[in-house]
Amino acid sequence: MIAGDLRVFLTVSAVMFCIGVYGILSRRNAIGVLLCLELMANAVNLNLVAFARFSTGTMGQVFTLFAIALTVAEVVVGMALVILLQRTHRDIRLDVAEEMRG
Amino acid sequence: MNILLGPLAADLVLVIGMGSVLVTDLILPPGDKRLLGWGALYTLLAALLATFAMELTGPAIFGAYVGDPVALMFKRVFLAAGVLAALGSLTQLAERFERRQGEYWVLLLSSVLGMSLLAGARDLVLLVVCFELMGVPLYVLAAWARDDRLAIEGALKLFLLGAVSSVTLLFGISLLTGICGSTMISEVALYSREHTNPALLLGAALTLGGMGFKLGVFPFHMWVPDTYQGSTTPFVAFLSVAPKAAAIAALVRLLIAGGNALLVGVVPMLITLAAATLVMGNLLALHQTQVKRLLAYSGVGHMGLLLMALATGTELGLSMLLFYLVAYLFTNAGAFLVVHAVTGDEGDDLALFEGLYARSGWLAMAMLLFLLSLAGIPFVVGFWAKLYIFLAAWAGGLQWLVLLGALLSVLALYYYLRVVISMFMRPPPTPIEPIVPDWGTNTAIALCLLFVVGMGLVPGPFVEAASNAAQGFDGAIVAMPRSTAP
């Protein structure tokens, strides 16, 4: 089962993850949404590092590095898309990108 | 070298081709970049040939990857989807995006590479890396028409939901690996078979949710119609098939490997998702007036059938899932390619299809057959695919889901027939302008048609191939306790 100290880390990371989800649902600014995405990604990293400390060892740390690299790659593309949004819509609030419906 | 990389020969072809296209792009002067498309097309064809001609079985990368028959079958689906998309986009790219051709092909190849490796990933780290290698290029490709407001909107929606999905997936996987203490799926399965832990269930559920976004199952389907509408159509032909097949491949590895150990916990969730997806996909398609959106929602409905087959967790279910994917690949890609040939870059309103028969009999007949196949009318492949999924689900104890699916298939006829009526019964706009598609799109449509009709008339060999693949699946399939199903 899960050790007591580990439980603290997992709780914090779960809370972080939920804050991130809430932020993505509520923020209207594209940059704000990307920041919340980072928060969720860091919850994952915290999880992985905590597990590495308590059970998985080096493997968990290596996984963390992979996770960081992957998130960065994703957010870079996201930033590029936000720049394109600014170019086509002259705004980076996500409300402007709501033309298609149904 | 042989022991390590032997089963990865097809993927190595893709890597080499990708590198060559990238370098050649730097050398070629602008205005002379058509060669790159050919390079990419030949790379995909060579890799596809390698999956048939070479022995690609066995583990690689220290056991993180396994080339079993199921992985091989998925690989062929991805590569074929890549070939069809490449054929469809050759002319469009050369005419509309002359200067940026090289990047398009590199991104397309890297996405196919990610899927191709994903199909055999036995290690969760490899699975996550491949999932991203597949996903990130798709965000860029979706925004290819970068001056188009709708394309940016669609790409942004794809990105936001895709990014949330991969982080959710990562969170789920971090729980799974942390608690089980290993990144190998077989170890995770072994551990979860012997221990019960709510965190494990949460991990599996989050992983399934993350994959659900990529699959576009209800309620994670919001990006599907918008991205399809905004993106360039030959790319949509790829997007609507390959990433979904890849997500299914990952789910098969994760859930069914190790005797359904992880599947048992999420079966109720899977069944609920399947039912909701079937209902909502078909209902939302009913009132669509744009062909790409209509096909998008119909695709959402089809994902419900795939989840149904997955939920059975039987060998029959797995083999029918594979057969369905092959059928779906040619049918759906074909339909989108016809949309590309008819509408070009002028949107996708149903009105553009009015009187298509008079403007191009060939395209109208091809579209008719693709739509019949999507609807599941006998003697085109969609019928067998749907029937076999229903049979497998019935045998797997999901009778009510089969009845629901059959009922909704009847409903689906209505919206497919609307397109058919538009093509054949409505007068074409005068003066009648004949449509002459470019040769690449024509070839791709002809290939799709060949398989849709061929597999419809003689499904036997393909079903047999799918069953053999499922039998050779790396990871024992054992009967699941039925009590978990509602």
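The values are calculated or read from the model by the stated rules, or taken from the named source; none is laboratory data. Bear in mind the structure is a predicted one, so any value in this text is a computation, not a measurement. Ideal geometry is used to build each Cβ from the backbone, glycine not excepted, and the neighbour counts take in all protein chains shown.
Summary of computed values
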| read-out | value |
| --- | --- |
| Count of residues meeting criterion [assigned to a helix (DSSP H, G or I) and touching a Leu at 6+ places or on another chain (Cβ under 7 Å)] in segment B:209-224 | 5 |
| Search result, residues across segment A:82-101 that are in contact (Cβ under 8 Å) with a residue 12 or more places away in the chain, facing another protein chain (nearest Cβ under 7 Å) and in a helix (DSSP H, G or I) | A:Leu85 |
| Residue check for B:Leu176: assigned to a helix (DSSP H, G or I), more than 22 Å from the chain's Cα centre (by Cα), more than 8 Å from chain A (Cβ to nearest Cβ) and closer than 22 Å to A:Leu39 by Cα | yes |
| Residue in segment B:107-119 that is free of Cβ contacts under 8 Å to residues at least 12 places away in the same chain and not small (Gly, Ala, Ser) present | no |
| Criterion violated by B:Leu87 - all others in (1) out of contact with any Phe, Trp or Tyr (no Cβ under 8 Å at 6 or more places or on another chain); (2) buried (at least 17 other Cβ atoms within 10 Å of the Cβ); (3) within 30 Å of B:Ile256 (Cβ to Cβ) satisfied | (3) |
| Candidates B:Val164, B:Val136, B:Val140 - the one that is under 30 Å from B:Ile61 (Cα atoms), surrounded by fewer than 22 Cβ atoms within 10 Å (Cβ to Cβ) and facing chain A (nearest Cβ under 7 Å) | B:Val140 |
| Condition met for B:Gly203 (free of Cβ contacts under 8 Å to residues at least 40 places away in the same chain, assigned to a helix (DSSP H, G or I) and buried (at least 24 other Cβ atoms within 10 Å of the Cβ)) | yes |
| Single residue of A:Val75, A:Val62 found to be within 9 Å of chain B (Cβ to nearest Cβ), in contact with a helix residue (DSSP H, G or I) (Cβ under 8 Å, 6 or more places away or on another chain), free of Cβ contacts under 8 Å to residues at least 40 places away in the same chain and assigned to a helix (DSSP H, G or I) | A:Val62 |
| Hits in segment B:147-158 (condition: assigned to a helix (DSSP H, G or I) and closer than 15 Å to B:Tyr228 by Cβ) | B:Leu150, B:Ala151, B:Ile152, B:Glu153, B:Gly154, B:Ala155, B:Leu156, B:Lys157, B:Leu158 |
| Subset of segment A:39-59 [more than 7 Å from chain B (Cβ to nearest Cβ) and surrounded by 16 or more Cβ atoms within 10 Å (Cβ to Cβ)] | A:Leu39, A:Asn42, A:Asn45, A:Leu46, A:Val49, A:Ala50, A:Ala52, A:Phe54 |
| All positions within segment B:23-39 that are touching a Gly at 6+ places or on another chain (Cβ under 7 Å) and either of a type in the set (Gly, Ala, Ser) or modelled with pLDDT of 95 or more (or both) | B:Gly39 |
| Any chance B:Glu433 is acidic (Asp, Glu), surrounded by fewer than 16 Cβ atoms within 10 Å (Cβ to Cβ) and not in a helix (DSSP H, G or I) | yes |
| A:Val12 being among the aliphatic types (A, V, I, L, M), more than 7 Å from chain B (Cβ to nearest Cβ) and loosely packed, with under 14 Cβ neighbours inside 10 Å | no |
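Yes or no, residue by residue, for (1) crowded, with 23+ Cβ neighbours inside 10 Å; (2) at pLDDT 90 or above; (3) over 22 Å from B:Ala285 (Cα atoms):
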{"site": "B:Leu356", "(1), (2), (3)": "yes, no, no"}
{"site": "B:Phe379", "(1), (2), (3)": "no, no, yes"}
{"site": "B:Lys386", "(1), (2), (3)": "yes, yes, no"}
{"site": "B:Ala446", "(1), (2), (3)": "no, yes, yes"}
